[in-house]
1. Sorted by packing (mean other beta-carbon atoms within 10 Å per residue), highest first, where do 133-140, 327-334, 231-238 land?
2. Just to be sure I understand the model, the point goes 7 Å from the Cα along the line to the Cβ. What's the resulting Ala181 to Ala141 distance in nm?
3. Val212's amide H: which non-local residues (gap 5+, or another chain) put their own amide H closer than 5 Å, with H modeled 1.01 Å from N in plane and none for Pro or chain starts?
4. For the pair Ala126 and Ala203, what calculated FRET efficiency results from E = 1/(1 + (r/R0)^6), where r is the Cβ-Cβ distance and R0 = 25 Å, to the nearest 0.05?
5. If I take R0 = 56 Å and measure r between the Cβ atoms of Arg33 and Thr217 in this structure, what FRET efficiency does the formula 1/(1 + (r/R0)^6) give, to the nearest 0.05?
6. Fully extended, how many nm does the chain gain between Trp255 and Ser23 (0.36 nm per residue separation, minus their Cα-Cα distance)?
7. Please list, short to long, the whole-number percent of alpha-carbon pairs of the range 63-183 in consecutive 5 angstrom bins beginning at zero.
8. Taking only C-alpha pairs under 8 Å that are 6+ residues apart, what is the relative contact order of the chain in percent?
Amino acid sequence: MTGSEFENTLIDGIYEAAIVPESWPAVLRDTARIASCREALLGTVLHDEARLLGSSPEFTESYEELLRRIPFAVNERAQRLLAHGRLGFITDDDVFSRDEIAHEPVYQDILIPAGYGSGVATVMTAPTGDTTIVHCERSFAEGTVDGRAIAALDRLRPHFARAGLLGRRLAMERSRAASQALEMMGLPAAVLGLRGHVLDANALFQDLIPSVFLDRTARLALAYAPADDMLANMIAGFSRRDLPQPVRSVPIPAWRGTSPMVVHVAPVRGRARDVFSFAGAIIVATPVAAGAGPDAGLIAGLFDLTPAEARLAAVIAGGHAALRLGVTEATARTTLKRILAKTGTRRQADLVGLLKSAAGPR
């Protein structure tokens, strides 16, 4: 395959990857090949939150670790790239002197020891406010990427930009389709961004604003304060896979004239996370009907309880003593504390009221 044929095939691959995100690693490997680099990276940045996809899982993990150690907002290499202003690819030599590289921690402590340190990259800003970065990397010892390779990358740049716009539009449509599909099932649902703000919400979900949900600028909130504390902890974990993931079901008792319900938060992970989508989770509200109280299996599913916790909760909801389960008073007391924490209730009487209202979804 000639150079022009290879480049044309790569351009086709760029547009295909915008529709089929699983194709990006292969496209990035070919992009790195054009630049005579080892690896390549596609990143999107919004409000200092970065989404990364690399030519290999190892390279993606390396850069995610770099950003954990030196966040994007204070990463000198990234910030100089953003500030440079050239509508094309630039190298490290365009933004750093050799003396600066010799004293810059991101090079000396991270990149060069890992076998990298010589990069070529470009920045493209979208009307939506987010920024797309295409970045190729090789070892510092291999020197600066030459002008011929930069010219070839510059020819690809407008195609990456258009593919980015297409990818963003498709990501928005997928979010809208997800919330509307849940509406057809009778479920109030919304898609949240990485910071917890609403990207899209169906009509059933909007009907719960502001009685149950508060659509604030910073993030979606719950009107019931104890439940909102739990939701805030979930949102904090959207973009931090290194943090322990909290409970993802939030019970809301009947209050201020509203019916009791459980809010379930399903994080967007793995292949569901398109690099152009800043979706953090899908949130679904399931109203519950009054009844004698659910069985242990339903309780476990609604509130993410362990089997032992669910059995004790069911016994308590039925008005029976914990001794019925054959556990000691001390064990029952410890288990009850965990149940109260997970269900967002503070007293056993509140817990009983919540469980009796949770006989099953409408």
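1. Working: 133-140: 22.5, 327-334: 12.2, 231-238: 19.5.
In decreasing order of mean packing, 133-140, 327-334, 231-238 become 133-140, 231-238, 327-334.
2. Output for this residue pair reads 5.0 nm.
3. none
4. Numbers: r = 28 Å, r/R0 = 1.13.
Rounded to the nearest 0.05, the efficiency is 0.30.
5. Numbers: r = 44 Å, r/R0 = 0.78.
Result of the calculation: an efficiency of 0.80.
6. Difference between extended and current length: 78.6 nm.
7. Using 5 Å bins, I get a P(r) of 2, 9, 17, 20, 17, 13, 8, 5, 4, 2, 1, 0 for the range 63-183.
8. Working: 596 pairs, mean separation 46.0, N = 362.
RCO, the chain: 13 percent.
The values are calculated or read from the model by the stated rules, or taken from the named source; none is laboratory data. On a predicted model such as this, the values are computed, not experimentally measured, just so you know. Cβ coordinates were reconstructed from backbone atoms using ideal geometry, including for glycine residues, and neighbour counts include every protein chain displayed. Protein only, heavy atoms only, side chains kept; ligands, DNA and RNA dropped before computing areas. Shrake-Rupley method; radii C 1.70, N 1.55, O 1.52, S 1.80 Å.
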